[in-house]
Structure formats: structure tokens, C-alpha cells
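Just below is one structure, and these are the notes that go with it.
The values are calculated or read from the model by the stated rules, or taken from the named source; none is laboratory data. The shown structure was predicted, so the numbers you read here are calculated from the model rather than taken from an experiment. Ideal geometry is used to build each Cβ from the backbone, glycine not excepted, and the neighbour counts take in all protein chains shown. Protein only, heavy atoms only, side chains kept; ligands, DNA and RNA dropped before computing areas. Shrake-Rupley method; radii C 1.70, N 1.55, O 1.52, S 1.80 Å.
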Amino acid sequence: MKVAADFSQRVVVHSESLEWVASPMAGVDRRALDRVGDEVARATTIVRYAPNSHFSPHVHTGGEEFIVLDGVFQDEHGDFPAGSYIRNPPQSKHRPGSEEGCIIFVKLWQFQPSDRTHVRLQTHFMGSVPHCDFRGVSVTPLYKDEWEEVSLLHFEPGAEISIDTNGGAEVLVLDGSIDEQADTLVKNSWLRTPLQSAINAKAGKEGAKVWIKTGHLKDVENQISRVQNA
């Protein structure tokens, strides 16, 4: 299966407009944002767990990164409410589910094979620092290594950024709205920009909070190859 699989193209998806598609596990539905592969895939997805639904225990051979958008995600490592940011590295395992139901934004098979760093953050309890380059924007750092950087950006109304994304980038709007090129991205809208590109964004009248990841698309061909050889 291929969804938005041309990584040389800029892509915008307003995920709230997509239909939910049932997964192989009862009570777990998905909205695909990008995907290369079948059930084993390099994928970026919005996933909805119905109350009292669970996936079977499994190993994340290629790693799993997610942020909880609504409800409470659960596994044997704890309860993760909305705002939680989690990185389960390659070879980690768990039995995910939710007693009350939840929605998560999740990325699979996008880690370096040697990565063994677990990250479990509750971003609602984290502060932010003023952005060094842009007035009216503050930053909550989430993760950084030699391949990628992940943060939350908090925009005051009308605040603007202009950043080079030479290694590619992704943005998910968590609250408020931003204008980027000719597109208005609202809550749960997703943007992916290719290598050697830029993001020029301006927040709407209510400001915005966005999740942003940069640099990781330098390795996308290797990510896809690892999935195909799994």
C-alpha cells in the first residue's frame, strides 16, 4: 500500500476530513497520512482506540513514535493522557490499548536501527522558552539527535516563522491554526515538506500549538528499504 509515498512532494492532509478505516484489531481504526507497506509499513497515521480496545502484544522492530491527541493511551509501562509524547525505539515491545478510548498520532519504522532511547514526556506539564529567532513564538524541545529534531511550537496570534527544512519536515497542528503557503492548517491538519524546502507559517487569530519534526527525511529511502527487508 502506498499513501503520499512521493517524498519529493509537499503534502497537506486535513485529517478530520478522512474516513476512519478499520485495522485488523477490533475497535482500532486508522486515518493514513503517509504509508509505504502493508501491515508492516513505514507509516504516519492517526489511530483511534475505542473504549476497552487493545492490540495484541508486539515488538516494534522499526520503532514507534507517537503523541496522544485525546483520551488516555495505556500499556504495561503506564497511562499516557492527552499531550503525552512517546518514543519506543527499535526492539521495544508492549501491549497497547485504552480503557476509556483515545486518539494518537503515530509514526512507525522511522528510527535509526541502533536507537535504544526511550522517551516518555507529558508535554502539558512542560514549559517553553522563547524562540531565538521569531517574536511571539516559544519552543518546547521534545527530542534531538544527529538525524532529527522534534519540538512543540507555541504561536501567539499572528506570529510568524520562516525556517529552512533542508532535511524535510512534518507539522501537525494541535490547537489553533496556521497559514502555510496557500493552505490554512487547522487542528489535526498535517503538513510534510520535502528535502531542500522551507516552512513559512503565520498563526491565526487564536494563535496555534504545533508539533514539528525536522531533518528525518534525509533517511527516508533507508527507512523504506528496512521495511521491505523486514
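Give all pairs with beta carbons closer than 7 Å in which a residue from the stretch 177-192 that is of a type in the set (F, W, Y) meets a residue that is open to solvent by 10 Å² or more (accessible area, probe 1.4 Å); count only pairs at least 6 apart in sequence or on separate chains.
W190/V13
Restricting the search to the stretch 17-38, which residues are farther than 20 Å from S98 by Cβ and among the charged types (D, E, K, R)?
E19, D34, R35, D38
Given V106, V173, V139, which one is assigned to a strand (DSSP E or B), of a type in the set (A, V, I, L, M) and more than 22 Å from G207 (Cβ to Cβ)? Even if it seems obvious, please write down each step before you answer.
Details: V173 fails: more than 22 Å from G207 (Cβ to Cβ); V139 fails: more than 22 Å from G207 (Cβ to Cβ).
Criteria check complete, one pass: V106.
Of the conditions (1) open to solvent by 10 Å² or more (accessible area, probe 1.4 Å); (2) among the charged types (D, E, K, R); (3) under 30 Å from N222 (Cα atoms), K107 satisfies every one except a single condition; which number is it?
(1)
Out of all the residues in the stretch 149-159, is one or more over 17 Å from the mean Cα position of the chain (by Cα), crowded, with 17+ Cβ neighbours inside 10 Å and either free of Cβ contacts under 8 Å to residues at least 24 places away in the same chain or more than 25 Å from Q91 (Cβ to Cβ) (or both)?
Taking every residue of the stretch 149-159 in turn, at least one turns out to be over 17 Å from the mean Cα position of the chain (by Cα), crowded, with 17+ Cβ neighbours inside 10 Å and either free of Cβ contacts under 8 Å to residues at least 24 places away in the same chain or more than 25 Å from Q91 (Cβ to Cβ) (or both).
Condition test on F66, is it at pLDDT 95 or above and under 20 Å from A22 (Cβ atoms)? Let's see the steps before the verdict.
On the way: at pLDDT 95 or above: yes; under 20 Å from A22 (Cβ atoms): yes.
Spelling it out, F66 is indeed at pLDDT 95 or above and under 20 Å from A22 (Cβ atoms).
State all residues of the stretch 109-135 that are in contact (Cβ under 8 Å) with a residue 40 or more places away in the chain and either closer than 18 Å to K202 by Cβ or of a type in the set (D, E) (or both); if no residue qualifies, say none.
Listed by number, the list holds a single entry, D115.
From the list D38, D29, D34, D75, pick out the single residue that is among the acidic types (D, E) and crowded, with 19+ Cβ neighbours inside 10 Å. Walk me through how you get there before you give the answer.
Details: D38 fails: crowded, with 19+ Cβ neighbours inside 10 Å; D29 fails: crowded, with 19+ Cβ neighbours inside 10 Å; D75 fails: crowded, with 19+ Cβ neighbours inside 10 Å.
Answer to the selection: D34.
Within 23 Å of Q74 (Cβ to Cβ), in a strand (DSSP E or B), small (G, A, S) and over 14 Å from the mean Cα position of the chain (by Cα) - does that describe any residue in the stretch 4-22? It would help to see each step written out before you state the result.
Start the filter on the stretch 4-22 by keeping residues that are within 23 Å of Q74 (Cβ to Cβ), which leaves 15, 20-22.
Keeping just the survivors that are in a strand (DSSP E or B) gives 21-22.
After this cut, where a residue has to be small (G, A, S) as well, the list is 22.
Checking which are over 14 Å from the mean Cα position of the chain (by Cα) leaves us with 22.
For the stretch 4-22, residues within 23 Å of Q74 (Cβ to Cβ), in a strand (DSSP E or B), small (G, A, S) and over 14 Å from the mean Cα position of the chain (by Cα): present.
Being farther than 15 Å from I178 by Cβ and of a type outside the set (D, E, K, R) is the filter; apply it to the stretch 125-137 and report the residue that is most open to solvent (accessible area, probe 1.4 Å).
Only one residue tops the list, namely F125.
Please return the ranges of strands (runs of 3 or more DSSP E) entirely within the stretch 34-90 where 2 or more residues are polar (S, T, N, Q).
Answer list for the stretch 34-90: 41-49, 84-88.
Matching residues to (1) farther than 20 Å from G71 by Cα; (2) at pLDDT below 95:
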site	(1), (2)
Y85	no, no
R95	no, yes
V119	no, no
T123	no, no
G136	yes, no
I161	yes, no
G168	yes, no
